[in-house]
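Please treat every number below as a calculation from the coordinates, not as lab data. From a predicted model like this one, the values you see are computed outputs, not experimental measurements. Note: ideal-geometry Cβ built from the backbone for every residue, glycine included; neighbour counts use all protein chains shown.
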Amino acid sequence: MKQVTATGTTVEEAVKSALAQLQTTQERVEITIVDEGKKGIFGIFGARPAIVKAVLKQDPIEEAKKFLLDTSEKMGAPIAIEVVGEGRNIQFILTGEKIALLIGKRGQTLNSLQYLTQLVINRYSDQYINVLLDAEDYRKRRNDTLTQLAERLAQKALRTGQNVALEPMPSYERKVIHAALAENKRVKTFSSGNDPHRHLVISPLK
């Protein structure tokens, strides 16, 4: 964490000095006034400079990228990262020669990395940020697969008259199933269990 202590004849001047030293803007620093200073008699006798401490805030996205680059390197699958979006919704698109290692079976490794990246980014952010990790359009392909699965299992629930429980999956994947069957008036969907075993159930309407 980079920080400086700066002085000036006023607090404002001390802050300007600190920002110049850090080569940044006031939005990206936390300012602490150490001493408001004193003008002194005639502005000379007994004068005391104002002192401030400025700490440069760490950029949440840069910290998240650093985490992903470091982790992928240690896994033997170095990557390049493209950041898409801003504000509360950020998507990291990963590319690399061994990207399959980072996706894992049914996207489990990618989901775990996404969860950890979300923890990292929100450690440094003032507002909660939703993180989505994608690689080789995996999310789109997975969504298509989940939509087809939802329709197939809804038919099974209707055919057997029994509830059909799906395997545990992350909340955004459960939302894909919910959305896929939202217009189907013959079944209802609901989540059951606790993370990491929370799963979706498709139930036929009597």
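A residue that is surrounded by fewer than 18 Cβ atoms within 10 Å (Cβ to Cβ), touching a strand residue (DSSP E or B) at 6+ places or on another chain (Cβ under 9 Å) and not in a helix (DSSP H, G or I) can be found somewhere in segment 95-114. In segment 116-132, of all residues being without any contact (Cβ under 8 Å) to a residue 24 or more places away in the chain and surrounded by fewer than 18 Cβ atoms within 10 Å (Cβ to Cβ), the one that is nearest to residue 65 (Cα to Cα) corresponds to 119.
With respect to the conditions (1) more than 17 Å from residue 101 (Cα to Cα); (2) surrounded by 15 or more Cβ atoms within 10 Å (Cβ to Cβ), residue 88 falls short on a single one, namely (2). Candidates 31, 51, 81: the one that is touching a residue at least 40 places away in the same chain (Cβ under 8 Å) and either in a strand (DSSP E or B) or not aliphatic (A, V, I, L, M) (or both) is 51. Looking at segment 121-172 only, could you name the residues that are assigned to a helix (DSSP H, G or I) and in contact with a His (Cβ under 9 Å, 6 or more places away or on another chain)? Hit for segment 121-172 is 150, nothing else.
Can you pull out every residue in segment 164-187 that is surrounded by fewer than 16 Cβ atoms within 10 Å (Cβ to Cβ) and aliphatic (A, V, I, L, M)? Listed by number, the residues that qualify are 165, 179, 182. In segment 53-61 there is at least one residue that is closer than 29 Å to residue 141 by Cβ and either basic (Lys, Arg) or out of contact with any helix residue (DSSP H, G or I) (no Cβ under 6 Å at 6 or more places or on another chain) (or both).
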